[in-house]
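The values are calculated or read from the model by the stated rules, or taken from the named source; none is laboratory data. Small disclaimer: the values here were computed from a predicted structure and weren't measured. Here Cβ is always computed from backbone atoms with ideal geometry, including for glycine, and neighbour counts include all displayed protein chains. These accessible areas exclude ligands, DNA and RNA; they are computed on the full protein's heavy atoms, side chains included. Shrake-Rupley method; radii C 1.70, N 1.55, O 1.52, S 1.80 Å.
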Amino acid sequence: MEIKGSVALVTGGGNGIGEAVVKHFARHGARVAVVDMVQKNIDRVVKDIKDLGGEAIGIQANVTSEADIARMIKGTVEAFGKLNIAVACAGIIRDGTMLSLDKETGKVSKKLGLDKWQAVIDTNLTGTFLTMRDAAEAMVNGGWEGLLVPISSVNKVGQVGQINYSSAKVADALMPKTIVGEFLMRGIRNIRCVAIAPGYTATPMLTGMNQDALKAILEDVHLGRLVAPEEIASIIGHCVENEALNATTIEITGGLCYPKGIAK
Amino acid sequence: MHSFSYNDMQFSVEKRDDRWDISYQLPNGSSALAGAGLFAGLQESEAAARALALIKTIFPVGIRSVGPDVTHPNTIGDLKIVGPDVTHPNFIYWNKDSVSCPKVL
Ligand SMILES: NC(=O)c1ccc[n+]([C@@H]2O[C@H](COP(=O)([O-])OP(=O)(O)OC[C@H]3O[C@@H](n4cnc5c(N)ncnc54)[C@H](O)[C@@H]3O)[C@@H](O)[C@H]2O)c1
C-alpha cells in the first residue's frame with residue numbers, strides 16, 4: 001500500500017510518537033485524522049499539517065469510550081471517504097510497584113491502587129482494542145485496503161514498577177497474531193496488522209524526566225541515545241509500504257540491553 | 001468564506017487554493033483549525049454542507065447548564081436568590097417548548 005493517497009487515523013496524535021506519525025504520513029501525501037484527548041495539542045498539530053500543505057482533521061476523543069471511538073471513525077470517513085491506516089498511539093503510564101514495604105517492620109505499607117491499574121489497562125489495552133476493532137470494521141465494510149498498528153513497548157517483557165503497563169503492552173504485542181489469524185479464518189484479506197514496540201523514545205514524557213535517571217537508562221542503550229519519534233514514524237511508514245510485514249511485532253529500541261549487556 | 005454557528009461555537013469555512021479549511025473560534029478570541037485542506041474541488045455551497053455535517057460528527061453536542069445569573073438576584077431582605085440566566089441562548093422557555101412535551105404522562 002502506498003502512503004500517498006491513503007487515509008490514516010492516529011490516536012494520541014497530539015503529542016510525542018503519535019504527532020511524529022501523523023506528520024510523517026502528511027508529509028508523504030496521506031490525509032490524516034489527529035485524534036487526542038487534549039484539544040490544544042490537536043489544534044497545534046492540525047495547524048502544523050496545514051503549514052506543510054497537508055490535509056488533516058482534528059478529533060477530540062477518549063479512546064476508552066466506545067462512543068468516542070465510533071465518532072472518530074465516522075468523522076474520518078465523512079471527511080476523507082475512506083480509512084486505510086489506524087495507529088493506536090494513545091497511552092499513559094501510572095508507575096508503582098505492586099507492593100511497598102515498611103522499611104522498619106518489613107510489612108506491606110502500600111498496594112498498587114486499582115485506580116492506577118485500571119487507568120492504564122483502559123487506555124493502553126481497551127483503547128487499543130477498540131481502535132483496532134472499529135477501524136477494522138470500517139475497512140471490511142468499506143472494502144478498503146488497510147493496516148492496523150497497535151503500539152506496544154519494549155517493556156512488554158515485564159518492567160519492574162510497571163505491572164499495569166507491561167501487562168497491557170504484552171497484550172498489545174500479541175494482537176497482530178490473533179487479529180490476522182482471525183482475518184484469515186474469516187476470509188478477510190484486505191487488512192494487515194503489525195505492532196510496534198518502541199524502546200525509550202525522546203517524547204515530552206521522557207525528555208522532561210530527571211536527567212540523571214535518563215543518563216542511567218542511556219547507559220544500557222547500545223545506540224547511546226534515545227530513539228527519535230521520527231524513527232518510529234518512519235518504521236510505521238515502512239510497514240504501510242511493505243505488505244510482507246504482517247502478524248508480527250517489531251521492536252525499535254536502539255539496542256536496549258539489561259545491565260551487563262543482554263539485549264532486552 | 002462561509003460561517004455557521006453550532007453548539008455555541010462559531011465556525012468558518014474558507015477556501016485555500018482548491019481546498020477548504022474549517023476554523024473555529026476559541027473562548028479567548030483566537031481561532032483554531034478543525035480541519036485543513038479538505039473537500040478538494042468542491043463549490044462553496046457543497047463544501048459548507050460537508051463541513052457542517054463533519055462538524056456535527058466531530059463535535060458532539062453536550063448539555064450545557066445555564067446560569068446562575070448572579071448579576072440579577074432576587075432579594076428578600078439581605079438574602080440574594082439567583083435564578084438561571086434567561087438571556088442565555090441555550091435557555092429554553094417552557095411556553096415555547098411545551099408543544100414537544102407529552103400532555104398525558
Ligand atoms: N516514549 C517512550 O519511550 C515509549 C516507549 C515505548 C512505548 N511507548 C508508547 O508509545 C505511545 C505514545 O507514547 P508517547 O511517548 O508519544 O506519549 P505522549 O504522552 O507524548 O503522548 C501520548 C498521547 O496520548 C494521548 N492520550 C492519553 N490518553 C488518551 C486517551 N484516553 N484518549 C485519547 N488520547 C489519549 C495524550 O493526550 C498524548 O497526546 C504510548 O502508547 C506509549 O506507551 C512510548
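Annotations
- Buried surface for the A/B pair, taken as the accessible area of each chain alone minus that of the pair with a 1.4 Å probe, is close to 1500 Å² in total.
- Relative contact order (%) - the range B:2-58, alpha-carbon pairs under 8 angstrom, separation at least six: 27
- Three-way shape label, the range A:52-124, alpha-carbon gyration tensor, a/c 1.5: prolate
- Within the listed set A:23, A:116, A:215, the Gaussian network model of chain A (springs between alpha-carbon atoms below 10 Å) gives the highest mean-square fluctuation for A:215.
- Take every Cα pair under 8 Å whose residues are at least 6 apart in sequence, average their separation, divide by the length of chain A, and the relative contact order is 19 percent.
- Accessible surface, 1.4 Å probe, highest first, among residues A:234, A:166: A:234, A:166
- Hits among lysines - C-alpha to C-alpha of residue A:40 under 24 Å, sequence gap 8 or more where chains match: A:23, A:50, A:74, B:15, B:56
- Computed over the range A:44-187, relative contact order equals 25 percent, with contacts defined as Cα pairs under 8 Å that lie 6+ residues apart.
- Cα gyration tensor shape for the protein assembly as shown, rounded if a/c is under 1.5, else prolate or oblate: oblate
- GluC sites (Glu not before Pro) restricted to DSSP loop in the range A:1-104 with at most 12 other C-beta within 10 Å: A:2, A:104
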